[in-house]
Amino acid sequence: MGSLQHCCCQLPKMGDTWAQLPWPGPPHSALLLVFFLLAAGVMHSDAGTSCPVLCTCRNQVVDCSNQRLFSVPPDLPMDTRNLSLAHNRIAAVPPGYLTCYMELRVLDLRNNSLMELPPGLFLHAKRLAHLDLSYNNLSHVPADMFREAHGLVHIDLSHNPWLRRVHPQAFQGLVHLRDLDLSYGGLAFLSLEALEGLPGLVTLQIGGNPWVCGCTMEPLLKWLRNRIQRCTADSQLAECRGPPEVEGAPLFSLTEESFKACHLTLTLDDYLFIAFVGFVVSIASVATNFLLGITANCCHRWSKANEEEEI
(Lines give C-alpha, C1' and ligand atoms only; values in the text may rest on other atoms or scores of the structure.)
Protein backbone atom coordinates (compact mmCIF):
# COMPACT_ATOMS: atom_id res chain seq x y z
CA MET A 1 0.00 0.00 0.00
CA GLY A 2 2.84 2.34 0.72
CA SER A 3 3.29 4.95 3.37
CA LEU A 4 1.00 7.94 3.62
CA GLN A 5 3.73 10.11 5.05
CA HIS A 6 4.39 11.75 1.70
CA CYS A 7 2.32 14.77 2.63
CA CYS A 8 4.67 15.44 5.49
CA CYS A 9 7.84 15.06 3.46
CA GLN A 10 10.61 17.60 3.93
CA LEU A 11 11.72 19.78 1.08
CA PRO A 12 15.43 19.89 0.27
CA LYS A 13 17.23 22.69 2.00
CA MET A 14 18.30 25.62 -0.16
CA GLY A 15 21.89 25.35 1.03
CA ASP A 16 22.13 21.69 0.03
CA THR A 17 20.74 22.48 -3.41
CA TRP A 18 23.26 25.24 -4.01
CA ALA A 19 26.10 22.99 -2.84
CA GLN A 20 25.24 20.46 -5.53
CA LEU A 21 25.19 22.98 -8.38
CA PRO A 22 28.34 23.68 -10.48
CA TRP A 23 29.89 26.97 -9.54
CA PRO A 24 32.37 28.25 -12.13
CA GLY A 25 33.41 31.42 -10.45
CA PRO A 26 32.29 34.47 -8.53
CA PRO A 27 28.51 34.76 -8.39
CA HIS A 28 26.75 37.11 -10.74
CA SER A 29 23.28 38.52 -10.01
CA ALA A 30 21.76 37.09 -13.22
CA LEU A 31 23.29 33.67 -12.60
CA LEU A 32 22.08 33.73 -9.03
CA LEU A 33 18.53 34.37 -10.25
CA VAL A 34 18.72 31.55 -12.82
CA PHE A 35 20.05 29.05 -10.29
CA PHE A 36 17.43 30.09 -7.76
CA LEU A 37 14.58 29.57 -10.25
CA LEU A 38 15.94 26.18 -11.29
CA ALA A 39 16.27 25.04 -7.70
CA ALA A 40 12.73 26.19 -6.89
CA GLY A 41 11.39 24.35 -9.91
CA VAL A 42 13.12 21.14 -8.89
CA MET A 43 11.78 21.33 -5.37
CA HIS A 44 8.22 22.02 -6.57
CA SER A 45 8.36 19.13 -9.01
CA ASP A 46 9.60 16.68 -6.36
CA ALA A 47 7.07 17.80 -3.76
CA GLY A 48 3.80 18.12 -5.61
CA THR A 49 3.61 16.85 -9.19
CA SER A 50 4.57 13.16 -9.03
CA CYS A 51 2.06 10.96 -10.87
CA PRO A 52 1.38 7.39 -9.68
CA VAL A 53 2.33 4.47 -11.87
CA LEU A 54 -0.52 3.33 -14.18
CA CYS A 55 -2.24 6.71 -13.76
CA THR A 56 -2.43 9.79 -15.95
CA CYS A 57 -2.18 13.27 -14.46
CA ARG A 58 -3.16 16.46 -16.21
CA ASN A 59 -4.60 19.79 -15.07
CA GLN A 60 -5.13 18.57 -11.49
CA VAL A 61 -7.02 15.50 -12.78
CA VAL A 62 -5.64 12.09 -11.77
CA ASP A 63 -7.14 9.19 -13.72
CA CYS A 64 -6.37 5.70 -12.39
CA SER A 65 -9.48 4.02 -13.77
CA ASN A 66 -9.58 0.65 -15.53
CA GLN A 67 -6.13 -0.41 -14.30
CA ARG A 68 -7.12 -3.54 -12.35
CA LEU A 69 -5.78 -1.99 -9.17
CA PHE A 70 -6.21 -3.95 -5.94
CA SER A 71 -5.22 -0.99 -3.77
CA VAL A 72 -5.28 2.78 -4.00
CA PRO A 73 -2.13 4.49 -5.33
CA PRO A 74 -0.08 5.75 -2.35
CA ASP A 75 1.26 9.00 -3.83
CA LEU A 76 -0.78 11.61 -5.66
CA PRO A 77 -0.04 15.18 -6.69
CA MET A 78 -0.78 17.41 -3.74
CA ASP A 79 -3.04 19.71 -5.77
CA THR A 80 -5.29 16.91 -7.10
CA ARG A 81 -8.84 18.12 -7.65
CA ASN A 82 -10.39 15.22 -9.56
CA LEU A 83 -9.44 11.64 -8.64
CA SER A 84 -10.86 8.68 -10.55
CA LEU A 85 -10.27 5.17 -9.20
CA ALA A 86 -13.28 3.70 -10.99
CA HIS A 87 -13.52 0.23 -12.55
CA ASN A 88 -10.80 -1.42 -10.47
CA ARG A 89 -10.71 -4.13 -7.82
CA ILE A 90 -10.01 -1.98 -4.78
CA ALA A 91 -11.34 -3.65 -1.61
CA ALA A 92 -10.28 -1.07 1.00
CA VAL A 93 -9.20 2.53 1.40
CA PRO A 94 -6.64 3.12 4.18
CA PRO A 95 -7.49 5.52 7.03
CA GLY A 96 -6.32 9.06 6.40
CA TYR A 97 -5.87 8.49 2.69
CA LEU A 98 -7.36 11.88 1.75
CA THR A 99 -5.68 13.85 4.53
CA CYS A 100 -3.13 15.56 2.27
CA TYR A 101 -5.36 16.43 -0.65
CA MET A 102 -7.07 19.61 0.47
CA GLU A 103 -8.04 20.62 -3.08
CA LEU A 104 -9.99 17.44 -3.87
CA ARG A 105 -13.39 18.20 -5.44
CA VAL A 106 -14.36 14.96 -7.18
CA LEU A 107 -13.77 11.38 -6.00
CA ASP A 108 -14.89 8.50 -8.21
CA LEU A 109 -14.73 5.04 -6.60
CA ARG A 110 -17.48 3.33 -8.57
CA ASN A 111 -17.32 -0.27 -9.67
CA ASN A 112 -14.85 -1.58 -7.10
CA SER A 113 -15.08 -4.12 -4.27
CA LEU A 114 -15.47 -1.80 -1.30
CA MET A 115 -17.36 -3.23 1.66
CA GLU A 116 -16.86 -0.25 3.95
CA LEU A 117 -14.94 2.99 4.29
CA PRO A 118 -12.68 3.85 7.25
CA PRO A 119 -14.03 6.30 9.83
CA GLY A 120 -12.98 9.88 9.25
CA LEU A 121 -11.95 9.33 5.63
CA PHE A 122 -13.47 12.66 4.59
CA LEU A 123 -12.40 14.55 7.70
CA HIS A 124 -10.08 16.85 5.73
CA ALA A 125 -11.96 16.75 2.42
CA LYS A 126 -13.78 19.97 3.11
CA ARG A 127 -13.97 20.92 -0.59
CA LEU A 128 -15.21 17.55 -1.84
CA ALA A 129 -18.38 18.11 -3.87
CA HIS A 130 -18.96 14.93 -5.90
CA LEU A 131 -18.63 11.40 -4.50
CA ASP A 132 -19.42 8.24 -6.46
CA LEU A 133 -19.52 4.95 -4.51
CA SER A 134 -21.89 3.10 -6.82
CA TYR A 135 -21.44 -0.52 -7.90
CA ASN A 136 -19.61 -1.64 -4.75
CA ASN A 137 -20.39 -4.03 -1.90
CA LEU A 138 -21.20 -1.56 0.86
CA SER A 139 -23.49 -3.08 3.49
CA HIS A 140 -24.30 -0.01 5.58
CA VAL A 141 -23.83 3.74 5.79
CA PRO A 142 -22.71 4.50 9.36
CA ALA A 143 -23.31 7.64 11.37
CA ASP A 144 -21.14 10.62 10.42
CA MET A 145 -19.69 8.74 7.44
CA PHE A 146 -19.40 12.05 5.60
CA ARG A 147 -18.44 14.08 8.66
CA GLU A 148 -16.77 17.41 7.85
CA ALA A 149 -17.41 16.95 4.11
CA HIS A 150 -19.98 19.70 4.30
CA GLY A 151 -19.38 20.76 0.71
CA LEU A 152 -20.82 17.57 -0.78
CA VAL A 153 -23.38 18.27 -3.50
CA HIS A 154 -23.74 14.84 -5.09
CA ILE A 155 -23.53 11.36 -3.48
CA ASP A 156 -24.11 8.19 -5.47
CA LEU A 157 -24.59 5.01 -3.42
CA SER A 158 -26.62 3.15 -6.04
CA HIS A 159 -26.17 -0.48 -7.08
CA ASN A 160 -24.79 -1.65 -3.74
CA PRO A 161 -26.87 -4.84 -3.52
CA TRP A 162 -25.84 -5.59 0.08
CA LEU A 163 -26.72 -2.12 1.38
CA ARG A 164 -29.23 -2.93 4.12
CA ARG A 165 -28.99 -0.01 6.53
CA VAL A 166 -28.54 3.74 6.44
CA HIS A 167 -27.93 5.24 9.88
CA PRO A 168 -30.32 8.07 10.80
CA GLN A 169 -27.33 10.42 11.13
CA ALA A 170 -25.46 9.22 8.04
CA PHE A 171 -25.96 12.49 6.16
CA GLN A 172 -25.89 14.83 9.12
CA GLY A 173 -24.59 18.31 8.32
CA LEU A 174 -24.73 17.99 4.52
CA VAL A 175 -26.77 21.15 4.03
CA HIS A 176 -25.55 21.63 0.44
CA LEU A 177 -26.42 18.11 -0.74
CA ARG A 178 -28.61 18.31 -3.85
CA ASP A 179 -28.46 14.83 -5.38
CA LEU A 180 -28.67 11.56 -3.43
CA ASP A 181 -28.87 8.20 -5.16
CA LEU A 182 -29.81 5.18 -3.01
CA SER A 183 -31.36 3.13 -5.81
CA TYR A 184 -30.94 -0.58 -6.49
CA GLY A 185 -29.68 -1.60 -3.06
CA GLY A 186 -31.10 -3.87 -0.38
CA LEU A 187 -32.94 -1.23 1.65
CA ALA A 188 -36.25 -2.28 3.19
CA PHE A 189 -36.50 0.73 5.51
CA LEU A 190 -35.15 4.27 5.63
CA SER A 191 -35.46 6.55 8.63
CA LEU A 192 -37.04 9.96 8.15
CA GLU A 193 -34.25 11.42 10.27
CA ALA A 194 -31.71 10.45 7.60
CA LEU A 195 -33.31 12.81 5.06
CA GLU A 196 -35.13 15.58 6.88
CA GLY A 197 -31.84 17.35 7.66
CA LEU A 198 -31.11 17.89 3.95
CA PRO A 199 -32.75 21.23 3.10
CA GLY A 200 -31.11 21.51 -0.32
CA LEU A 201 -32.12 18.07 -1.60
CA VAL A 202 -33.38 18.28 -5.20
CA THR A 203 -33.01 14.76 -6.59
CA LEU A 204 -33.62 11.55 -4.62
CA GLN A 205 -33.35 8.12 -6.22
CA ILE A 206 -34.68 5.20 -4.12
CA GLY A 207 -36.13 2.81 -6.71
CA GLY A 208 -35.10 -0.81 -7.04
CA ASN A 209 -35.03 -1.50 -3.29
CA PRO A 210 -37.17 -4.15 -1.49
CA TRP A 211 -39.19 -1.62 0.54
CA VAL A 212 -41.42 -2.97 3.30
CA CYS A 213 -44.25 -0.46 3.42
CA GLY A 214 -45.37 -1.10 6.98
CA CYS A 215 -46.30 1.35 9.69
CA THR A 216 -42.65 2.31 10.29
CA MET A 217 -42.41 3.74 6.76
CA GLU A 218 -45.35 6.11 7.15
CA PRO A 219 -43.36 9.13 8.47
CA LEU A 220 -40.88 8.93 5.57
CA LEU A 221 -43.58 8.55 2.91
CA LYS A 222 -45.58 11.43 4.34
CA TRP A 223 -42.46 13.62 4.24
CA LEU A 224 -41.71 12.57 0.66
CA ARG A 225 -45.25 13.35 -0.49
CA ASN A 226 -44.93 16.86 0.89
CA ARG A 227 -41.61 17.38 -0.93
CA ILE A 228 -42.42 15.65 -4.20
CA GLN A 229 -42.99 18.98 -5.95
CA ARG A 230 -39.57 20.26 -4.96
CA CYS A 231 -37.66 17.01 -5.11
CA THR A 232 -37.41 14.87 -8.23
CA ALA A 233 -37.74 11.20 -7.35
CA ASP A 234 -37.85 7.97 -9.33
CA SER A 235 -41.44 7.39 -8.27
CA GLN A 236 -42.13 4.82 -11.00
CA LEU A 237 -39.30 2.53 -9.91
CA ALA A 238 -39.95 2.65 -6.16
CA GLU A 239 -42.28 -0.21 -5.24
CA CYS A 240 -43.35 -2.03 -2.10
CA ARG A 241 -42.21 -5.62 -1.63
CA GLY A 242 -44.35 -6.11 1.46
CA PRO A 243 -46.58 -6.55 3.36
CA PRO A 244 -48.65 -8.76 1.01
CA GLU A 245 -51.62 -6.38 0.84
CA VAL A 246 -49.52 -3.64 -0.81
CA GLU A 247 -46.95 -5.77 -2.64
CA GLY A 248 -46.12 -4.24 -6.03
CA ALA A 249 -47.77 -0.93 -5.23
CA PRO A 250 -45.80 2.22 -6.13
CA LEU A 251 -44.24 3.65 -3.02
CA PHE A 252 -45.57 7.15 -3.67
CA SER A 253 -49.11 5.94 -4.32
CA LEU A 254 -49.66 5.11 -0.65
CA THR A 255 -51.83 7.63 1.17
CA GLU A 256 -52.85 8.17 4.77
CA GLU A 257 -55.72 5.77 4.11
CA SER A 258 -53.15 3.05 3.41
CA PHE A 259 -51.85 3.39 6.97
CA LYS A 260 -55.24 3.71 8.64
CA ALA A 261 -54.76 0.42 10.46
CA CYS A 262 -51.62 1.84 12.08
CA HIS A 263 -53.71 4.38 13.98
CA LEU A 264 -56.55 2.18 15.23
CA THR A 265 -57.21 2.62 18.95
CA LEU A 266 -59.46 0.49 21.16
CA THR A 267 -62.22 2.08 23.25
CA LEU A 268 -63.50 0.87 26.63
CA ASP A 269 -66.39 -0.90 24.90
CA ASP A 270 -63.87 -2.74 22.69
CA TYR A 271 -61.90 -3.94 25.71
CA LEU A 272 -65.13 -5.03 27.49
CA PHE A 273 -66.27 -6.92 24.40
CA ILE A 274 -62.89 -8.66 24.09
CA ALA A 275 -63.01 -9.59 27.78
CA PHE A 276 -66.56 -10.94 27.42
CA VAL A 277 -65.63 -13.02 24.37
CA GLY A 278 -62.61 -14.38 26.22
CA PHE A 279 -64.81 -15.32 29.19
CA VAL A 280 -67.38 -17.06 26.98
CA VAL A 281 -64.67 -18.97 25.13
CA SER A 282 -63.16 -20.08 28.44
CA ILE A 283 -66.53 -21.33 29.74
CA ALA A 284 -67.20 -23.12 26.48
CA SER A 285 -63.77 -24.74 26.64
CA VAL A 286 -64.37 -25.96 30.21
CA ALA A 287 -67.82 -27.32 29.30
CA THR A 288 -66.46 -29.08 26.25
CA ASN A 289 -63.70 -30.71 28.27
CA PHE A 290 -66.23 -31.78 30.92
CA LEU A 291 -68.51 -33.40 28.34
CA LEU A 292 -65.56 -35.14 26.67
CA GLY A 293 -64.49 -36.48 30.04
CA ILE A 294 -67.97 -37.86 30.81
CA THR A 295 -68.22 -39.42 27.35
CA ALA A 296 -64.83 -41.08 27.68
CA ASN A 297 -65.74 -42.45 31.13
CA CYS A 298 -69.05 -43.89 29.87
CA CYS A 299 -67.34 -45.55 26.94
CA HIS A 300 -64.80 -47.09 29.26
CA ARG A 301 -67.51 -48.50 31.58
CA TRP A 302 -69.54 -49.84 28.67
CA SER A 303 -66.51 -51.57 27.23
CA LYS A 304 -65.65 -53.12 30.59
CA ALA A 305 -69.23 -54.36 31.09
CA ASN A 306 -69.20 -56.11 27.71
CA GLU A 307 -65.93 -57.87 28.56
CA GLU A 308 -67.43 -59.20 31.83
CA GLU A 309 -70.54 -60.56 30.05
CA GLU A 310 -68.43 -62.44 27.56
CA ILE A 311 -66.48 -64.12 30.40
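The values are calculated or read from the model by the stated rules, or taken from the named source; none is laboratory data. None of these values were measured; they are calculated from a predicted model. The accessibility values were calculated without ligands, DNA or RNA, using every heavy atom of the protein model including side chains. Shrake-Rupley method; radii C 1.70, N 1.55, O 1.52, S 1.80 Å.
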At the level of C-alpha centres, the distance separating region 149-193 and region 48-119, in angstrom, is 22 Å
Rounded to the nearest 10 Å², the accessible area of residue 87 using a 1.4 Å probe with every protein chain kept is 70 Å²
The ³J(HN,Hα) series, computed from each phi in region 67-77 with the Karplus coefficients 6.51, -1.76 and 1.60 at θ = phi - 60°, rounded to the nearest Hz and given as x for glycine or proline, is 10, 6, 6, 9, 8, 6, x, x, 10, 10, x
Extension length gain for residue 56 and residue 102 (0.36 nm per residue less Cα distance), in nm, is 14.6 nm
Whole-Hz Karplus couplings 3J(HN,Hα) for region 157-171, θ = phi - 60° and coefficients 6.51, -1.76, 1.60, Gly and Pro as x, run 10, 6, 6, 10, x, 9, 6, 9, 9, 10, 4, x, 10, 4, 10
Restricting to Cα pairs under 8 Å and 6 or more apart, the percent relative contact order of region 50-209 works out to 14 percent
Working note, region 113-209: Cα radius of gyration (Å, one decimal) and Dmax (Å, whole number) are 12.1, 33
quick note, region 50-209, DSSP beta bridge pairs, % antiparallel (nearest 5) is 15 percent
